[in-house]
Amino acid sequence: MKKMKLPYFHAILFTLIVLLFISCKKDEEVVPKETPPEPSPLNDFIWDSMNDYYLWNDFIPQNVDKSADTEPKDLFYKLLYRPTDRWSFITDDYEGLINMFKGIEKSFGHNFKLFALPNSNNVIGMVKYVIPDTPAKAAGIKRGDMFYKVDGIQITTENYKELLFDRNSYTLSFGILNDNGTITHQGDISLVAEEITENPIFLDTIFDLEGQKIGYLSYNQFIHEYNDTLANVFGDFKAAGITDLVLDLRYNPGGSASTAILLGSLVAPDAVVQQQKIFSKIIWNDEVTQSIIDDEGEDSDNLVWKFMPQVNNLNLNRIYILVTSNSASASELVINCLKPYMDVILIGAESTTGKYVGSVTIRKQNSDFSNWALQPIVLKMANANGVSDYADGFLPDYIINDDFKAPLGSLDEDMLARAIELITGLTLLEPARIAAEPYDNLYAVTNPAVERKQIMRFDPPFMKKQ
């Protein structure tokens with residue numbers, strides 16, 4: 001047998017390798033490549049809406065997985081500009097969201113503040129006010145009551161959210177906090193939540209002191225549906241000839257922008273209101289701003305909010321506003337936008353929240369996900385002088401604690417008493433009365449019920465067209 005010549009062997013070997021390569025390549029082509037799952041219509045809607053309208057859309061990460069395998073809420077929160085944006089949220093309960101905006105929600109009716117006790121993880125709750133015609137009111141709970149257990153379990157920094165929020169019923173243990181940090185038990189009260197409608201006008205009254213008539217309004221949320229009621233209260237103030245106004249926004253987390261403009265128009269100097277001077281300048285992301293200018297011009301209502309003439313305007317040059325760290329959003333908008341035109345004197349224990357931005361409700365009607373709604377931050381507000389970005393809030397001109405000892409609207413209540421002193425020169429606060437209470441220096445614990453209401457809402461026409 002003859003030996004195969006080397007060049008001929010190489011040719012055969014090369015042919016076999018080529019055939020093997022072609023065979024492998026054909027096998028590879030037969031196997032279909034795995035394609036990434038398509039985004040769900042809801043995720044597409046979230047993605048497009050945030051990239052179009054979100055105030056900080058330049059900071060949205062573009063490599064986020066928005067496929068159908070990604071939960072809508074997870075996708076939404078991955079798009080937020082943290083830590084600056086503390087307020088944007090998404091919900092799958094559109095009807096519940098709208099009801100919250102209207103002051104309608106399932107509740108026990110007692111609004112409270114939480115404190116962590118020193119050298120302990122134990123938490124107590126102090127009742128700030130009780131809404132009329134609610135289970136808490138019927139049970140006799142009142143401002144200043146202190147509770148420390150839920151269903152017999154001590155409230156702590158670890159369990160307070162689980163024990164106190166999103167509950168339909170529970171039993172609260174009330175007591176007295178002693179100077180040494182111990183608690184004397186006073187009794188238990190069982191409550192069952194009901195759907196309630198809270199009138200944001202908690203209390204209005206008029207004081208006649210030292211020849212001056214002073215109006216007092218405790219106002220707890222900016223709700224558009226109560227605009228007429230709010231205007232009527234100011235009609236009563238005007239008819240009575242009040243000379244000064246104490247506006248209590250200490251528990252007001254915000255609400256409707258249109259109501260904020262109305263309130264400002266009811267108290268500002270009449271000339272400012274009649275001339276419809278600038279209440280606030282609105283700043284959107286660059287794309288939205290340019291779209292508004294192109295379609296509506298630079299004087300669009302979507303770029304500049306102005307005072308609105310009101311028959312019940314009080315024509316004041318000075319206003320006293322009571323605030324706490326719960327005063328947020330539309331409350332701060334009123335404070336900031338009145339400052340260029342009148343003396344705004346703040347009285348409170350700490351700075352306001354520092355929410356200088358606003359949101360809109362974005363929802364796709366007539367879709368399979370119409371129960372979902374986005375509430376993203378889409379704008380920020382500046383006053384007529386261009387002041388915005390007050391992230392640290394507004395520091396009170398006069399520091400005094402929210403004492404919880406006396407009813408709201410009482411001259412024995414320290415924050416109101418301080419305002420009355422400044423207006424009249426009367427001495428109402430004695431050193432013994434302003435001495436620190438056992439809870440005054442405790443660490444305040446986050447209250448989710450308050451945080452989710454810290455919204456400044458605006459429904460611009462161009463959004464409604466979507």
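The values are calculated or read from the model by the stated rules, or taken from the named source; none is laboratory data. Note that this is a predicted model, so its numbers are computed, not measured. Here the Cβ positions follow ideal geometry from the backbone for every residue, glycine too, while neighbour counts run over all protein chains shown.
Do any helices (runs of 4 or more DSSP H) entirely within region 226-283 hold 3 or more residues that are in contact with a helix residue (DSSP H, G or I) (Cβ under 9 Å, 6 or more places away or on another chain), and if so, which?
227-240, 257-267
If you check N385, N366, which single one turns out to be assigned to a loop (DSSP other than H, G, I, E, B), out of contact with any Asp or Glu (no Cβ under 7 Å at 6 or more places or on another chain), without any contact (Cβ under 8 Å) to a residue 60 or more places away in the chain and more than 24 Å from K306 (Cβ to Cβ)?
N366
Here is a list: D179, D204, D133, D166. Which entry is acidic (D, E) and not in a loop (DSSP other than H, G, I, E, B)?
D204
Looking at (1) assigned to a loop (DSSP other than H, G, I, E, B); (2) touching a residue at least 60 places away in the same chain (Cβ under 8 Å); (3) more than 25 Å from the chain's Cα centre (by Cα), which is the one condition that is false for L191?
That leaves (1) as the condition not met.
Looking at this structure, is K106 exposed (fewer than 15 other Cβ atoms within 10 Å of the Cβ), outside any loop (DSSP other than H, G, I, E, B) and in contact (Cβ under 8 Å) with a residue 24 or more places away in the chain?
yes
One line per residue, one yes/no per condition, for (1) modelled with pLDDT under 95; (2) under 25 Å from the mean Cα position of the chain (by Cα); (3) not in a strand (DSSP E or B):
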residue: N111; (1), (2), (3): yes, yes, no
residue: S120; (1), (2), (3): yes, no, yes
residue: V127; (1), (2), (3): no, yes, no
residue: K137; (1), (2), (3): no, no, yes
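Before we move on, is L55 under 30 Å from P39 (Cβ atoms), in contact with a Lys or Arg (Cβ under 8 Å, 6 or more places away or on another chain), part of a loop (DSSP other than H, G, I, E, B) and modelled with pLDDT of 95 or more?
Against the criterion (under 30 Å from P39 (Cβ atoms), in contact with a Lys or Arg (Cβ under 8 Å, 6 or more places away or on another chain), part of a loop (DSSP other than H, G, I, E, B) and modelled with pLDDT of 95 or more), L55 qualifies.
So which residues in region 147-162 are within 25 Å of the chain's Cα centre (by Cα) and not in a loop (DSSP other than H, G, I, E, B)?
Listed by number, the residues that qualify are T156, Y160, K161, E162.
Yes/no per residue for (1) free of Cβ contacts under 8 Å to residues at least 24 places away in the same chain; (2) buried (at least 20 other Cβ atoms within 10 Å of the Cβ); (3) in the same structural domain as G255 (by TED's automatic domain parsing):
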{"position": "F76", "(1), (2), (3)": "no, yes, no"}
{"position": "P135", "(1), (2), (3)": "no, yes, no"}
{"position": "V150", "(1), (2), (3)": "yes, no, no"}
{"position": "K161", "(1), (2), (3)": "no, no, no"}
{"position": "L164", "(1), (2), (3)": "no, yes, no"}
{"position": "R167", "(1), (2), (3)": "no, no, no"}
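Quick test of your reading of the structure: L395 fulfils all but one of (1) closer than 19 Å to Q212 by Cα; (2) out of contact with any Phe, Trp or Tyr (no Cβ under 8 Å at 6 or more places or on another chain); (3) of a type in the set (A, V, I, L, M); (4) modelled with pLDDT of 95 or more. Name the failing condition by number.
All conditions are met except number (1).
Within region 333-363, how many residues are within 20 Å of I283 (Cβ to Cβ), hydroxyl-bearing (S, T, Y) and touching a residue at least 60 places away in the same chain (Cβ under 8 Å)?
3
Which count do you get for residues in region 388-418 that are surrounded by fewer than 20 Cβ atoms within 10 Å (Cβ to Cβ), charged (D, E, K, R) and in contact (Cβ under 8 Å) with a residue 60 or more places away in the chain?
Residues meeting the conditions: 1.
Would you call M126 over 25 Å from I104 (Cα atoms), buried (at least 19 other Cβ atoms within 10 Å of the Cβ) and either of a type in the set (S, T, Y) or out of contact with any helix residue (DSSP H, G or I) (no Cβ under 7 Å at 6 or more places or on another chain) (or both)?
Answer is no for this residue.
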